[in-house]
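*Asks:* The structure is given below, and queries will be raised subsequently.
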There are 2 protein chains.
Amino acid sequence: MQQQKAPSPELIFSLFTAYQQSAALKGAVDLELFTAIGEGNKDVKAIATRCKASERGIRTLADYLTVAGLLTKSGGNYDLTPDSAMFLDKRSPAYIGSAGQFLTAPELMKGFADIAGTVRKGGTLAAGDGTMEPDNPMWVEFAKGMAPMMMPAAQAIPEVAGTTNQAVKVLDIAAGHGLFGIMMAVRNPSAQIVAVDWAKVLNVAEENAKKFGVAARWRRLPGDGNAFTVDFGAGYDVALLTNFLHHFDAATCVSILKKVHAALKPGGRALTLEFVPNADRVSPPVPAQFSLIMLAGTRGGDAYTFAEFDEMFKNAGFKKSEVHDLPGLPQQVITSHA
Amino acid sequence: MQQQKAPSPELIFSLFTAYQQSAALKGAVDLELFTAIGEGNKDVKAIATRCKASERGIRTLADYLTVAGLLTKSGGNYDLTPDSAMFLDKRSPAYIGSAGQFLTAPELMKGFADIAGTVRKGGTLAAGDGTMEPDNPMWVEFAKGMAPMMMPAAQAIPEVAGTTNQAVKVLDIAAGHGLFGIMMAVRNPSAQIVAVDWAKVLNVAEENAKKFGVAARWRRLPGDGNAFTVDFGAGYDVALLTNFLHHFDAATCVSILKKVHAALKPGGRALTLEFVPNADRVSPPVPAQFSLIMLAGTRGGDAYTFAEFDEMFKNAGFKKSEVHDLPGLPQQVITSHA
């Protein structure tokens, strides 16, 4: 009992209080604390002035974030870490502070208010389809906030697709911020993108298509709307299913995949970006824990294993599927041949 | 940029979503998931039956907690870790699941709803004195919930006091669950304990005094009430200030310490249990981060360094203070000589 490896309540205490970490980081992003430090405001007084905040509050928050690993402190001076300099200083092109607005949005957090009740029921306690309700405004926030965080994956997918040198017609399903299709168009000047999502969400994607100079080769399906009900048309070389299937149960996934299969040319492929846990479902950490977000927010969604995806695609008429790592990223791409 | 140490959004993502860890652990405690597994329910079906929950929900939650380090998984079977077996199985005498009820209480979490606003202001956004409002019912929850988590510290303090062999009169200020004074009495059959706290809180302590068989040497001050206004009496050998001073600004601490000094015999000592960060304020992790809890919940509280405590005690008339580690625990004891 007195040995080094004796049981300790430390991990339990840190998990019970982990919500404070989210709150501290969100608060720092709201205050532009990282940007202030990146601009050269290094001590409590200078940061407090820049952030229009109390010195007591800034000192406590900056110390907290130093312990959390997002700042360094030397003498009385704080500095950014490589992570916070790249991702939390608003002046950085890779700034992802806005992702925090989505990840800590009341709508998303509400799903975690009663996990015991959620586990008893086996799905979200929210009314109807939870976060999947039509035109849920959360997805406009998502499209705006999560785009920068998804950029590395969006940039990696054209390589996996291997279609950077040929004229391809790409269907971008539940396009959100649109970056996945847009990066296909950026990388391949002959690619034509057709994006599907709720109208208000696609307004965000349309802005992004303009911003990246590919608006002429990017279009919305007439009428926009729900991927389950809208007519995709046909003759696509590639269908993108990025961060979409995890919101639904397997039967619902198969139904949409049949529709996707019908929209693809013979020899066409679906590219599915997903959190894919190993068969043990407890590794790697990020994909394995993603399942709880789906339990909390959806009726039947999940983080599916590759074997589960493979079966869904087969049941929808696809021939075979392969899984590809995206180096340094927590998600994988599954390529499925129509 | 392609090296191993390239900046990564991983830490930032994990901090933004850390609230999900607290929610998952709270949910598992509410469901008695750890107790169920400890009783021998190892697979999803058996655990779900015992917890009266869906299999989908149990599988997702148990996998999540496996990744979090509180369960192991082998084949389809889950098992407790040494930490969860000792602290999260209700049948264990060291069970601290109830601490989670306090650490995730809405009253405490509310303080973290707007950290940006809290930092701007430099103190709690709650009305009045925040968690220090008289008879705040949160402290009854605290007295009930946190007692098991405080037990190791309560058991360590009599050794630090070094008064286990002599008749001593002990003043237990803001006694809460009462365990600190009670353990002094348990360890020293000649010790007499006088406890101060709000009346409803002391009802919890009184129960504990009976439970540990020291009720005959344990009493409440007539009238109970606020440590700032109640008459302590005089002639104490030891005054206990456990997890109390961190709620107040330094001037307020000095005012209560003057009162404590006046209540002690010449040669008497104050024993202060606290989260004491190093002078850098960013180590050790738990005491350093504790400051944010005080910012969020109080008007002027803090995690004070030893130098700050030493100065407060000197300003209140104490001669000198020393700091003592409690092996394996995140808190320290400061001994101050009257």
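*Asks:* Hey, among the residues in the stretch A:162-182 that are of a type in the set (A, V, I, L, M, F, W, C) and surrounded by fewer than 24 Cβ atoms within 10 Å (Cβ to Cβ), which one's farthest from residue A:231 (Cα to Cα)?
*Replies:* A:167
*Asks:* I want to confirm something. Restricting to the stretch B:141-159 and keeping residues that are more than 11 Å from chain A (Cβ to nearest Cβ) and surrounded by fewer than 18 Cβ atoms within 10 Å (Cβ to Cβ), which single residue is modelled with the highest pLDDT?
*Replies:* B:155
*Asks:* Looking at (1) more than 10 Å from chain A (Cβ to nearest Cβ); (2) over 21 Å from the mean Cα position of the chain (by Cα); (3) more than 24 Å from residue A:290 (Cβ to Cβ), which is the one condition that is false for residue B:82?
*Replies:* Tallying (1) more than 10 Å from chain A (Cβ to nearest Cβ); (2) over 21 Å from the mean Cα position of the chain (by Cα); (3) more than 24 Å from residue A:290 (Cβ to Cβ), residue B:82 fails exactly one: (1).
*Asks:* Going by the conditions given, is residue A:52 more than 22 Å from the chain's Cα centre (by Cα), within 7 Å of another protein chain (Cβ to nearest Cβ) and over 21 Å from residue B:114 (Cβ atoms)?
*Replies:* No.
*Asks:* Something else: Return yes or no: is residue B:333 within 13 Å of residue B:277 (Cβ to Cβ) and part of a strand (DSSP E or B)?
*Replies:* Answer is no for this residue.
*Asks:* Quick check on the stretch B:141-164. Is at least one of its residues within 30 Å of residue A:54 (Cβ to Cβ), in a loop (DSSP other than H, G, I, E, B) and either in contact with a helix residue (DSSP H, G or I) (Cβ under 6 Å, 6 or more places away or on another chain) or among the β-branched types (Val, Ile, Thr) (or both)?
*Replies:* Yes, the stretch B:141-164 contains a residue that is within 30 Å of residue A:54 (Cβ to Cβ), in a loop (DSSP other than H, G, I, E, B) and either in contact with a helix residue (DSSP H, G or I) (Cβ under 6 Å, 6 or more places away or on another chain) or among the β-branched types (Val, Ile, Thr) (or both).
*Asks:* A follow-up question, please. Given the structure, is residue B:270 surrounded by 23 or more Cβ atoms within 10 Å (Cβ to Cβ), small (Gly, Ala, Ser), in contact with a helix residue (DSSP H, G or I) (Cβ under 9 Å, 6 or more places away or on another chain) and assigned to a strand (DSSP E or B)?
*Replies:* For residue B:270, the condition - surrounded by 23 or more Cβ atoms within 10 Å (Cβ to Cβ), small (Gly, Ala, Ser), in contact with a helix residue (DSSP H, G or I) (Cβ under 9 Å, 6 or more places away or on another chain) and assigned to a strand (DSSP E or B) - is met.
*Asks:* Within 30 Å of residue B:8 (Cα to Cα) and not hydroxyl-bearing (Ser, Thr, Tyr), is that true of residue A:266?
*Replies:* In short, no.
*Asks:* Could you grab me the full set of residues in the stretch A:274-284 that are in contact (Cβ under 8 Å) with a residue 40 or more places away in the chain and either under 16 Å from residue A:250 (Cα atoms) or within 8 Å of chain B (Cβ to nearest Cβ) (or both)?
*Replies:* Residues satisfying the conditions are A:274, A:275, A:276.
*Asks:* Return yes when residue B:98 is facing another protein chain (nearest Cβ under 8 Å) and either surrounded by fewer than 24 Cβ atoms within 10 Å (Cβ to Cβ) or in contact (Cβ under 8 Å) with a residue 60 or more places away in the chain (or both) and no when it is not.
*Replies:* For residue B:98, the condition - facing another protein chain (nearest Cβ under 8 Å) and either surrounded by fewer than 24 Cβ atoms within 10 Å (Cβ to Cβ) or in contact (Cβ under 8 Å) with a residue 60 or more places away in the chain (or both) - is not met.
Quick grid of which residues meet (1) surrounded by fewer than 21 Cβ atoms within 10 Å (Cβ to Cβ); (2) assigned to a helix (DSSP H, G or I):
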{"position": "B:206", "(1), (2)": "yes, yes"}
{"position": "B:233", "(1), (2)": "yes, no"}
{"position": "B:253", "(1), (2)": "no, yes"}
{"position": "B:261", "(1), (2)": "yes, yes"}
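*Asks:* Specify which of the listed residues (B:276, B:286) is assigned to a loop (DSSP other than H, G, I, E, B), aliphatic (A, V, I, L, M), over 22 Å from residue B:232 (Cα atoms) and under 22 Å from the mean Cα position of the chain (by Cα).
*Replies:* Residue meeting the stated conditions: B:276.
*Asks:* Pick from the stretch B:12-39 the residues that are of a type in the set (Phe, Trp, Tyr) and more than 7 Å from chain A (Cβ to nearest Cβ): which of them is nearest to residue B:145 (Cα to Cα)?
*Replies:* Across the stretch B:12-39, the extreme among qualifying residues is B:34.
To keep it simple, each residue is scored yes or no on (1) among the hydrophobic types (A, V, I, L, M, F, W, C); (2) modelled with pLDDT of 95 or more; (3) buried (at least 16 other Cβ atoms within 10 Å of the Cβ); (4) over 16 Å from residue A:12 (Cα atoms).
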site: B:40; (1), (2), (3), (4): no, yes, no, yes
site: B:62; (1), (2), (3), (4): yes, yes, yes, no
site: B:65; (1), (2), (3), (4): yes, yes, yes, no
site: B:73; (1), (2), (3), (4): no, yes, yes, yes
site: B:84; (1), (2), (3), (4): no, yes, yes, no
site: B:88; (1), (2), (3), (4): yes, yes, yes, no
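*Asks:* Being within 31 Å of the chain's Cα centre (by Cα), farther than 21 Å from residue A:81 by Cβ and either in a helix (DSSP H, G or I) or aromatic (Phe, Trp, Tyr) (or both) is the requirement here; does residue A:13 meet it?
*Replies:* Here the answer is yes, as residue A:13 does meet what is asked.
*Asks:* Run down A:57, A:69 and say which single residue is crowded, with 17+ Cβ neighbours inside 10 Å, within 9 Å of another protein chain (Cβ to nearest Cβ) and free of Cβ contacts under 8 Å to residues at least 24 places away in the same chain.
*Replies:* Within the list A:57, A:69, the selection yields A:57.
The values are calculated or read from the model by the stated rules, or taken from the named source; none is laboratory data. The shown structure was predicted, so the numbers you read here are calculated from the model rather than taken from an experiment. Backbone-built Cβ (ideal geometry, glycine too); neighbour counts: all protein chains shown.
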